[in-house]
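Here is the structure we will look at.
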Amino acid sequence: MSTFYKDTRINGKLVRLEDVIDEVYNRALKTIDDSLYELLNDKDDDEFYEDYKEAFGHIVEKLQAFHNNED
């Protein structure tokens, strides 16, 4: 996407697929991040970081498998 990217909305709704993709990506990233912080909150800093990183990777793999219609 261009640095001169302009958000295109009609009546407040996103109308370009790129806009929709960006918005959904940002929402999904926030949801995953918030959920991991909530569920891993009882760990010390080093353990938290390692578990967060490992869990995030597995979540992405599961989403990719879902997208590819794999079990």
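The values are calculated or read from the model by the stated rules, or taken from the named source; none is laboratory data. Values in this document were obtained by computation on a predicted structure and should not be read as measured data. We place every Cβ from the backbone using ideal geometry, glycine too, and count neighbours over all the protein chains shown. These accessible areas exclude ligands, DNA and RNA; they are computed on the full protein's heavy atoms, side chains included. Shrake-Rupley method; radii C 1.70, N 1.55, O 1.52, S 1.80 Å.
When the charge dipole of the chain is built from unit charges on Cβ atoms (+1 for Lys and Arg, -1 for Asp and Glu) and taken about the Cα centre, the candidate among HIS67, SER35, VAL20 whose Cα reaches farthest toward its positive end is VAL20.
Ligands, DNA and RNA are left out, and with a 1.4 angstrom probe the accessible area of the chain is 91 Å² per residue. Computed in the context of the full set of protein chains, the accessible area of the chain at 1.4 Å probe radius has 54% of its extent on carbon or sulfur.
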